[in-house]
1. Using a 10 Å Cβ count of at most 13 others and DSSP loop calls, identify the longest part of the chain lacking such trypsin sites (Lys or Arg not before Pro).
2. Suppose we keep just the DSSP beta bridges with both residues in region 2-270; what percent of those would be antiparallel, to 5?
3. Return VAL48, VAL212, VAL28, VAL260 ranked ascending by Cβ neighbour count within 10 Å, so the fewest neighbours appear first.
4. If each of THR215 and HIS100 carries a label point 7 Å out from its Cα toward its Cβ, how far apart are those two points in nm?
5. Taking 29 Å as the cut-off for C-alpha to C-alpha distance, list the pairs among LYS102/LYS125; LYS119/LYS177; LYS102/LYS214 that go past it.
6. Hey, what did region 2-270 get for relative contact order, percent, Cα under 8 Å, at least 6 apart?
7. Using helices alone, I'd like the mean residue ellipticity at 222 nm for the chain: each DSSP H run of four-plus residues gives -39500 (n - 2.57), total over residue count, nearest 500.
8. With r defined as the distance between the Cβ atoms of PHE258 and GLN143 and R0 fixed at 30 Å, what FRET efficiency is calculated, to the nearest 0.05?
Amino acid sequence: MTKNKNKLTILGSGTSTGIPMIGCKCSVCNSPLKENHRLRSSIHLETVKGSSIIVDTTPDLRHQLLRHEINKVDLAFITHDHADHTHGIDDLRPLTFPPHGKSIPIYTYSECAAQLTKKFSYIFKAHEQLPNIGGGIPRLHLQTVEIGTKNIINGEEFEFLLLNHGHTQTLGIIHQKMAYIIDCHELTDDQINYLRDKELDLLILDCVTDRVHKTHLWQERSFEYISRISPKECGLIHMNHTLEHEQLKTDAKKAFSFPVYPTFDSQILYY
Ligand SMILES: [Zn+2]
Ligand SMILES: [Zn+2]
C-alpha cells in the first residue's frame with residue numbers, strides 16, 4: 001500500500017539549538033525519551049516518481065544523511081536563510097563528487113537566493129574566488145521558485161507560499177496532498193483558506209513553544225490553525241525544550257478528533 005505513496009522522513013524535529021540544548025539542565029533537555037532528542041528541523045521526501053528531495057540543510061545534515069543512508073539527492077529546497085536551516089549546506093558536497101555526482105539544484109524564493117549567494121559566495125560565486133587547490137566545493141546551483149502558481153520541478157508538481165517569519169520570510173511547500181509549513185509567525189486568512197481548500201492528507205506545522213512567540217507559531221496558534229486548515233493528519237515540528245513529547249502528544253489528542261501529534265526524529269510518514 002505504501003508503494004503508491006510518497007515517503008516523508010523527519011530528519012530533525014527540533015528548534016535552532018537542537019534538544020538537548022548545550023548547557024541546559026531542564027527536564028526535557030535531560031529526558032531519556034528518544035522522542036525528546038531533536039536534531040535541527042529538516043525532512044526528506046522520496047516520491048512515488050522516485051525523486052529524492054531534502055528540505056533544508058541543517059547543521060546536523062551530515063549526521064542526518066548518514067543515519068538514513070541517503071546517498072542520492074536530486075534537489076534541495078531551502079525554506080529561508082537562517083543558520084539552523086542552511087549551515088550544513090557543505091555536507092551536500094560528497095553527493096556532488098565525480099564520477100557519479102552532479103551539480104545539485106537548490107530551490108528557494110528570490111530574496112533567499114540572494115542571501116544565500118552572499119553567505120555562501122564560495123559556492124555560488126565560485127568563479128570569483130581563488131582557483132580551487134583543495135578538497136573542492138560543493139557543486140550546487142540556485143534556482144528560484146514561483147510563488148502562488150504551479151511549479152514543475154524534477155517532473156513533480158509543487159506549489160509555494162511565502163510566510164511571515166518576523167524579520168524575514170519562509171517558503172511554505174505543497175506537494176500533492178502534503179504541506180510543509182515551518183518557521184512562520186502567522187498565516188494570512190488567504191493562506192489558511194488556500195491550505196484548507198487543498199484538503200490535505202498531511203500537514204507538517206511549526207510549533208516552537210508553549211508560549212507566545214514573535215517569529216514562530218506557538219502551541220495555541222498552531223492548534224487554532226490546524227482546526228481551521230482541517231487536514232486529515234498533522235505533525236508538529238521545530239519544538240523547543242518547553243514542549244515535552246508525551247505532554248504535547250496528550251494535549252493534541254485531547255484537542256482534536258483526528259491524528260495530531262508532535263513529530264520526532266527518524267519518524268516516517270506517508271502521503
Ligand atoms: Zn528554524
Ligand atoms: Zn528561522
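Rule-based calculations on the coordinates, nothing more; no lab input. Just so we're clear, the structure is a prediction, and the values are computed from it rather than from any experiment. No Cβ is skipped: glycine too gets one built from the backbone with ideal geometry, and neighbour counts run over all protein chains shown.
1. 151-210
2. Values: 28 of 51 bridges.
Just about 55 percent of them are antiparallel.
3. The most exposed by this proxy come first: VAL212, VAL48, VAL28, VAL260.
4. Computed distance between label sites THR215 and HIS100 equals 3.8 nm.
5. Values: LYS102/LYS125 18 Å; LYS119/LYS177 33 Å; LYS102/LYS214 40 Å.
Going by Cα-Cα distance, LYS119/LYS177; LYS102/LYS214 fall outside the 29 Å limit.
6. Result for region 2-270 is 19 percent.
7. -5500 deg cm²/dmol
8. Working: r = 36 Å, r/R0 = 1.18.
E(calc), rounded to 0.05, equals 0.25.
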